[in-house]
Every structure is written in structure tokens, then in C-alpha cells.
């Protein structure tokens, strides 16, 4: 069996590190040809020494010389800049691109890889949130399979394997995030430290904040619509605090299939890499240790971001791109103690109200919408990015 050659974009983040765990466990099946990181050059260098890829990319060019010095004794090509990330994703020596980048930065590398007909293991949901219509058309045109890494979308994908019957709806589960037990009146005083304490999942800072506001869940609804070709009205969200049922599919005969497992991203990562096969791992789920699974409707007053995302999906065009750009700025500001917790959603609402809207956007229109939404969020928050 020939090894699958992997370009891992975002190797120092949570998904990237766990992807490398899967590669270690399956060294006869996979090899790393490219690693990229945003600015954590020390960790990137250590990963490169272990996995000996052909190339590494540090997106923040300020750290290029440091990375070069750290790897000077090794035959590893070192590049810098966002353009280089997209270029290595499309390289001829790559079979699979694992896109674990954060935010809008994941879009162009995905497009570059699709145009070279690569298999895409997608953790960067913003690729489809921002430009789902364009990306899915390109994937079909270039015969580039997109396999989801997000636990919810992986669950749906697994439930649909082998099915040919029409769907009634997708049911995406939602933990409720770090603030699910906090009363709505207390949200105005939430600190970054509070919001970063997710009760189930260990994730990066941005996605943990997005989980707390349910922006992340709204983005997952948009991603699901594009991945599985369904309208907003056929996708529902239900709160499930235990995070054991990762998502469900309801068919027209009333039957429901669910995918269950511990809250651990290694499983969906390995499934995306190995499909249609599965990894052999030491995980053993105990129903006796998890005897209670509960479900509840989401409080749409406490979590307005979910309905905002649904509205963006129904509106189409650049609406979701605008939501994403404003959210990226506001979350970064909140984590830096430059704005309050409630200002995150308020920034999104402000940007959506003020931004120009393009109904049938090109990639260039998405880029312009991203820039404008970030400017508007800064304007609302009275900060500079």
C-alpha cells in the first residue's frame, strides 16, 4: 500500500496536533510532506524535525528567519507568507490536504488544493461558511472530494454512508458551550478566562469562544447546508450537554440514525483520512459510565448568533462572509480584553447592517466582503486590527 502524502495546514493548532497523533499511529499509511503554522515557529520546527516533511511554511513572515535557523541542519525547504500556504497545498507531491487553519485564512488554500483535485480533509469550516457555493461547485468541477473533520459533520457523513433514501432533516447537536449554565443577565460580565473553560472539548481559543456564543454552531449549520445540499429549514440544532451524540439524521420514514462517541477529535480526523476504512484505536465507550443523555431546545434569546447564522444562510451571497469577518475581529478583541463579551454578537449585527451585499459573489467579492466586515467590526468596537 502506497502511503498517502499529507499537507497539514495549521499543524500547531489543536486539530493539527491531533492529526499528527493519527499519523504517528499509522506511519505505514501516511507521511507528512508539508507542515504549516501561523506564527508558532518553535513548535513547527519541532514537528518538522520529527516528521521530516519536504517543506514547511510559516504564514507570519516575521518568523521566517527564526524558522530557517532552527531547521538549517535539515533538508527541509522553508517558506513564508499566506500565498506560500496555498502553493504548498496544491503541490504535486501532496495527495491529501488537511485544512486545520483558523478563519478566513483557510479559504484560498482549499481552493488551490481543489483546483489540483486533491482530497480535502476539512476542519476549517470557514471555507464553506464564507464561500460554500463557489467552493462546492469547484469541488464538483475538479472531482475533489471534501471529507469533514468537524465532529458534527463527520457524524452526519457517517450516518449517511450507504443510505439512498430522502432525508427529512439533519439534527446537529450542541453542547451549549462554556456558559450554558450561566444566566443571560450575567453574560455582560463574562471574561475571556470564563468563556475559555469548555466543559467537554479541548479546543483552540477562537473556536472555544465561538462555541460559547453559538457562532460556531451557526457556522456548522451553514457548513452542513453546503456539504450535504440541504436548505436551512431541513437543518435543526438541539442542545445536548454530554456531547456523546455528535449529530443525527432523520429520514422520511421517521427513523433516526445517530453517531455516538466520546468527545475526542481523533476519531473524526482518522475517519476523514482513512475513509472508507476505519482506524484501529484503543477507544472503548462505556454506556454504564454515561447512563444519561439529555436534550433540550436552544435558548434563542440567550444565543442570538444562531438565528443570525440561519438568516445569513437563507440570504446567501456575501452575508455569511460578513458575519465571519466581523466575528473574527470581535473574538480577537474579546480575547485581548479590548471589548465585552456581548460586543461580539453586536459587532456582527453592526457589520451585517452596514456592509455592502453581493448576491452572486466571486472569490474577489468574498475577499472584499471580508475586508469590509473587519473594518466595520473595528469601527463598532472603536479599535484598530
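The values are calculated or read from the model by the stated rules, or taken from the named source; none is laboratory data. Keep in mind that what you see is a predicted model, and the values were worked out from it rather than measured. Every residue, glycine as well, gets a Cβ built from its backbone with ideal geometry; the counts of neighbours run over all protein chains shown.
Can you confirm whether segment 88-96 contains a residue that is in the same structural domain as residue 54 (by TED's automatic domain parsing) and on the phi > 0 side of the Ramachandran plot? Talk me through it step by step, then tell me what you get.
Residues of segment 88-96 that are in the same structural domain as residue 54 (by TED's automatic domain parsing), as a first pass: 88-96.
Remaining after also requiring on the phi > 0 side of the Ramachandran plot: none.
Scanning segment 88-96 turns up no residue that is in the same structural domain as residue 54 (by TED's automatic domain parsing) and on the phi > 0 side of the Ramachandran plot.
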**Request:** Kindly establish whether residue 55 is over 26 Å from residue 320 (Cβ atoms), modelled with pLDDT of 95 or more and under 15 Å from the mean Cα position of the chain (by Cα).
**Result:** no
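What residue, of 332, 351, is touching a residue at least 24 places away in the same chain (Cβ under 8 Å), crowded, with 23+ Cβ neighbours inside 10 Å and assigned to a helix (DSSP H, G or I)?
Details: 332 fails: crowded, with 23+ Cβ neighbours inside 10 Å.
351 is the lone residue from the list that is touching a residue at least 24 places away in the same chain (Cβ under 8 Å), crowded, with 23+ Cβ neighbours inside 10 Å and assigned to a helix (DSSP H, G or I).
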**Count of residues meeting criterion [in contact (Cβ under 8 Å) with a residue 60 or more places away in the chain, under 17 Å from residue 199 (Cβ atoms), touching a strand residue (DSSP E or B) at 6+ places or on another chain (Cβ under 7 Å) and in a loop (DSSP other than H, G, I, E, B)] in segment 215-261** = 1
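Would you call residue 302 surrounded by fewer than 24 Cβ atoms within 10 Å (Cβ to Cβ), touching a helix residue (DSSP H, G or I) at 6+ places or on another chain (Cβ under 6 Å) and modelled with pLDDT of 95 or more? Before the answer, list the steps.
Values: surrounded by fewer than 24 Cβ atoms within 10 Å (Cβ to Cβ): yes; touching a helix residue (DSSP H, G or I) at 6+ places or on another chain (Cβ under 6 Å): yes; modelled with pLDDT of 95 or more: yes.
Criteria met by residue 302.
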**Message:** Checking the condition in the same structural domain as residue 110 (by TED's automatic domain parsing), part of a strand (DSSP E or B) and modelled with pLDDT of 95 or more, which residue from 12, 33 passes?
**Reply:** 33
